[in-house]
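A.B. asks: Sharing a structure below in structure tokens format, with a few things to ask.
The values are calculated or read from the model by the stated rules, or taken from the named source; none is laboratory data. Since we're looking at a predicted model, the values are computed, not measured. Note that each Cβ is placed from the backbone with ideal geometry, even for glycine, and that neighbours are counted across all protein chains shown.
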Amino acid sequence: MFKVNINEIEYMSEKDKKLLPYLRDDLRLTSVKDGCSEGACGTCMVLIDGQATRACTQKLSKLEGKKIITIEGLRPEEMAVYEHCFAEAGAVQCGFCIPGMVIAAKALLDVNLKPSKAEVKYAIRNNICRCTGYVKIEQAILMAADFFREQKAIPEAATAARINTRFKRVDAIEKTNGTGIYVDDIVVPGMLYAKCLRSKYPRARVNKIDLSKALEHPDCVRILTEKDVPTKKIGHLAQDWDVMIAEGGTTRYVGDALALVATNNKETLDEVIALIEVDYTELKPVTSPTDGLAADAPLVHSTGNVFRKEILNFGNADAAIKESKYVITKKYHTPFQEHGFMEPECAIAIPEGEDGLRLYTSSQSIYDEQREISNMLQIPKEKVHCQAQLVGGGFGGKEDMTVQHHAALMAWYTKKPVKVKFSRQESLNYHTKRHPMDIEMTTACDENGKLTACKAVLIADTGAYGSLGGPVLQRACTHAAGPYNYQNLDIIGMSVYTNNCVAGAFRGFGVTQSCFATENNINLLAEMVGMSAWEFRYQNAIRPGQVLPNGQLADESVAMVECLEAVKSAYESSPYAGIAIGFKNSGTGVGLNDTGRCMLSIEAGKVHIRTSAACMGQGIATMCTQMLCETTGLDPALVLVEQPDTIRTPDSGTSTASRQTVITGEATHRAAEKLQLELAQGKTLTELEGREFFGEFSPITDPMGSKKDNPVSHVSYSYGAQVVIINEEGRVEKVVAAYDIGTPVNIQSAEGQIEGGIVMGLGYGLTEDFQVIDGYPQTKLGTLGLMRSTEAPELSVELVQAKGKTPYAFGAKGVGELCLIPTAPACSHAYYRLDGKLRTSLPLQDTYYKKRKSNSGLI
């Protein structure tokens, strides 16, 4: 027996085990999150004798006589301070890391109520946050110190929630105190645990799968193979992704599933899987797009290795280049990037009703899940009931099916609840990544530095399956020439199948890659002309009434020039300051259906906001609340935002393409206008009990290749400028950013999104290195290079607005993707100014962060 003291209560355990599963599984203290189980992320932080300690590294046998405290053990009045300060500062986004952050803060503030900013950074150095960039968390801890030190009272809750104000997120409290529910926090009576056997090789023929020994294991409940799958292939857009690989089939990457195992206990899953014997014939994999395009390359798919082509032409680029005074042509390479969300993928499927299923999930669209799972099982969509729980980060990485369809498949056969969860390493190895791209970019200008033409070829590695490879390629192409005023464009894009990790949606969605190439070329042109990089951009930056390179007319909401003006002094403050600008669409656009929907229902004297728009941390519920309250003037205490549910909430599309604030925000506004008409007539919510008010918004855009003079590719664009300042050693000291996101809805959220995006962009440019060698991922979370609080520089964010604004959602535009797009090229420019070396691949070589030998490829 092992005795432990947790939150002042003595517990006895018959088994010696790690503290993390004991807290979560045995005691159901679910504020302690399982982000990695390998001591890297800090989401499982607890206090042990006053020291912030990772629960996943501690065994019960070593803890006798020690006092352990979790979030649940904090005094209510103490917890109230953290709840207020973290909400007020805007420190909470997805929330998965926040209880661990509070524990780290408590360890500091219990001994030091006058900490410096550096001491706060050091205190949370073992806690990774992928959402916030740490700024708001540091501010929250300093604010909490002030509240404790001065014994301040918690202010009353706000009675208004208007647009363009600082307003506490509506989900901040439950995420701070650990009571918010993520999928892995749920346990259903009689639940089975399931997991897939994955391919040993990136490319191999599966000759035989022998289940006999595994089926003899006493804890094995059921094993399914490809024969048990009604519809063999699924996919977010292209139906090309195998649910499982059949005997006689060929694997396409190491994440391919061969068999799905269910056991009564999750601890025995790996034992059973290890008993499955597979006879393979290993085949040479296709490990790069270049190899995939070779005449003798094996076909990754029978349809060919070219998944998608995109061509974008305006004007006459060849003629303009020929006539231009200055022309620069360079080749660039951008790599895989891991999303690094703190919550590993998890889903629970439960039999419901007659031949139906209910799923608890953490994805970016419950309706996409419903569609794909019903298609896989060949049952009506209405038979698949999907309910979203809190989502611990996404950034595009939770758009594709990862664990949901396998949980559903096993539940369908066993008629029992089934949980499927990725370990952190499985998540790293199997879910989608940012598309690597090889880009050849030609940019030209006249003798006065006026841009004249852009010509580019972009080759993307989409990996084993298509995923979002088509739209990502489109965005890379439509944004390739940057937010500038010239109309001679010749862009060819190609997305190629390989046997590497699948590449899919990732914040920035292709624009991150093409912006790196364009902005580096812009710097070289400015140097040739004899202009500063800022001046060159200012001269060519798009202005209202001008035409973007893709042909769309810039409207009065464009504030690219204002962004540049806001960062001018920062750029000129240091000889080692690098600058870059970028833009990003809001909404799906390019002629595709893009619909937001919101239902407002009056229930028990409150307004229920019902929309399926998924929140991965960006603050959908808060945005909708502020849209409603701005329109109606209602007290936010009278508003309740429901979690996405395919029965309760109308389909508002995937949370992607920086679309939800504009598209679902406008749908909420329209529904709120209908409610306001009733309120304006003097009716009360009590009198409106049971009424429903529906809003829908579908902007009209033009398809790729439209022959219109000025096609509307997207409903709106956001713009941003960043200046990265490094010191003589090459360490980033400060990043100054100015962003045009139209009318900010929630100021803390907008700033926090940008700050988090900047730090993610710094990782992409400088520290992160997700390596895939010969089709095999080589990276662990601890070696990935995610920036920690002590590495993150000072960040300064300014929100700017044009005189005009878009007619939708009170003039709001998207921010989630744009925020990291200019960061890597700004870093590249800073280093170029430091040492004169042009760095054309990421992560940047020969820097303070990555000392590389250019030719050897060795770190």
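A.B. asks: Give me the pairs, please: first residue somewhere in the stretch 404-415 and touching a residue at least 12 places away in the same chain (Cβ under 8 Å), second residue anywhere and crowded, with 24+ Cβ neighbours inside 10 Å and among the β-branched types (Val, Ile, Thr), beta-carbon distance under 6 Å, and either six or more positions apart or on two chains.
C.D. replies: Listed by first residue and then by second, the contacts come to Gln404/Thr361; His405/Ile373; His406/Val420; Ala407/Val418; Ala407/Val420; Ala408/Ile373; Met410/Val418; Ala411/Val418.
A.B. asks: Might you check whether a residue that is in a helix (DSSP H, G or I), farther than 27 Å from Cys477 by Cα and of a type in the set (Lys, Arg) occurs anywhere in the stretch 565-573?
C.D. replies: yes
A.B. asks: Can you give me the ranges of the helices (runs of 4 or more DSSP H) entirely in the stretch 269-385 with at least 3 residues that are of a type in the set (S, T, N, Q)?
C.D. replies: 366-377
A.B. asks: Return the pairs, sorted by first residue and then second, in which the second residue is assigned to a helix (DSSP H, G or I), the first residue lies in the stretch 607-629 and is not assigned by TED's automatic domain parsing to the domain that holds Val641, the beta carbons are less than 8 Å apart, and the residues are 6+ apart or on different chains.
C.D. replies: Hits for this filter: zero, empty list.
A.B. asks: For the stretch 609-622, how many residues meet the condition of being among the hydroxyl-bearing types (Ser, Thr, Tyr) and either part of a helix (DSSP H, G or I) or over 28 Å from the mean Cα position of the chain (by Cα) (or both)? Walk me through how you get there before you give the answer.
C.D. replies: Our first condition is that a residue be among the hydroxyl-bearing types (Ser, Thr, Tyr); within the stretch 609-622, this holds for 611-612, 622.
Retained after the next criterion (residues that are either part of a helix (DSSP H, G or I) or over 28 Å from the mean Cα position of the chain (by Cα) (or both)): 622.
Here the count works out to 1.
A.B. asks: Only residues that are of a type in the set (Asp, Glu) and not in a loop (DSSP other than H, G, I, E, B): list them for the stretch 626-646, please. Before the answer, list the steps.
C.D. replies: Within the stretch 626-646, the first condition is being of a type in the set (Asp, Glu), and the residues that meet it are 630, 635, 642, 645.
Across the stretch 626-646, the qualifying residues are Glu630, Asp645.
A.B. asks: Right, another one. Which one is nearest to Ser658 (Cα to Cα) among residues in the stretch 701-736 that are surrounded by fewer than 17 Cβ atoms within 10 Å (Cβ to Cβ) and modelled with pLDDT of 95 or more?
C.D. replies: Looking at residues that are surrounded by fewer than 17 Cβ atoms within 10 Å (Cβ to Cβ) and modelled with pLDDT of 95 or more, I get Glu733.
A.B. asks: Among the numbered criteria (1) over 26 Å from Pro807 (Cα atoms); (2) not in a loop (DSSP other than H, G, I, E, B), which single criterion is violated by Glu687?
C.D. replies: Of the numbered conditions (1) over 26 Å from Pro807 (Cα atoms); (2) not in a loop (DSSP other than H, G, I, E, B), the odd one out for Glu687 is (2).
A.B. asks: Considering only the stretch 402-409, I want to know if a residue exists there that is part of a strand (DSSP E or B), β-branched (Val, Ile, Thr) and touching a strand residue (DSSP E or B) at 6+ places or on another chain (Cβ under 9 Å).
C.D. replies: Checked against the condition, which is being part of a strand (DSSP E or B), β-branched (Val, Ile, Thr) and touching a strand residue (DSSP E or B) at 6+ places or on another chain (Cβ under 9 Å), the stretch 402-409 yields no hits at all.
A.B. asks: Could you tell me how many of the residues in the stretch 411-446 are closer than 19 Å to Ser467 by Cβ and surrounded by 23 or more Cβ atoms within 10 Å (Cβ to Cβ)?
C.D. replies: The total comes to 9.
A.B. asks: Do we have any residue at all in the stretch 292-308 that's within 20 Å of the chain's Cα centre (by Cα) and touching a residue at least 60 places away in the same chain (Cβ under 8 Å)?
C.D. replies: As a first pass, look at the stretch 292-308 and keep what is within 20 Å of the chain's Cα centre (by Cα): none.
There is no residue in the stretch 292-308 that is within 20 Å of the chain's Cα centre (by Cα) and touching a residue at least 60 places away in the same chain (Cβ under 8 Å).
A.B. asks: Pairs, please: C-beta under 6 Å, at least 6 apart or cross-chain, first residue assigned by TED's automatic domain parsing to the domain that holds Ala672 and in the stretch 685-703, second surrounded by fewer than 18 Cβ atoms within 10 Å (Cβ to Cβ) and in a strand (DSSP E or B)?
C.D. replies: Every condition considered, no pair remains.
Conditions tested, residue by residue: (1) of a type in the set (Val, Ile, Thr); (2) closer than 24 Å to Gly340 by Cα; (3) in contact with a strand residue (DSSP E or B) (Cβ under 8 Å, 6 or more places away or on another chain); (4) not in a strand (DSSP E or B).
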site	(1), (2), (3), (4)
Ile581	yes, no, yes, no
Asn593	no, no, no, yes
Val607	yes, no, yes, no
Cys624	no, no, yes, yes
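A.B. asks: Would you call Ser569 touching a residue at least 24 places away in the same chain (Cβ under 8 Å) and among the polar types (S, T, N, Q)?
C.D. replies: When the stated conditions are applied, Ser569 does not pass them.
A.B. asks: Right, next: Exactly one of (1) outside any loop (DSSP other than H, G, I, E, B); (2) over 34 Å from the mean Cα position of the chain (by Cα) is unmet by Val261. Its number?
C.D. replies: (2)
A.B. asks: Also, quick follow-up: Residues that are within 22 Å of Asp270 (Cα to Cα) and charged (D, E, K, R), at least 2 per element: which strands (runs of 3 or more DSSP E) completely within the stretch 155-242 meet that?
C.D. replies: Numbers: elements: 192-198, 204-210, 220-224.
Here the list reads 192-198, 204-210.
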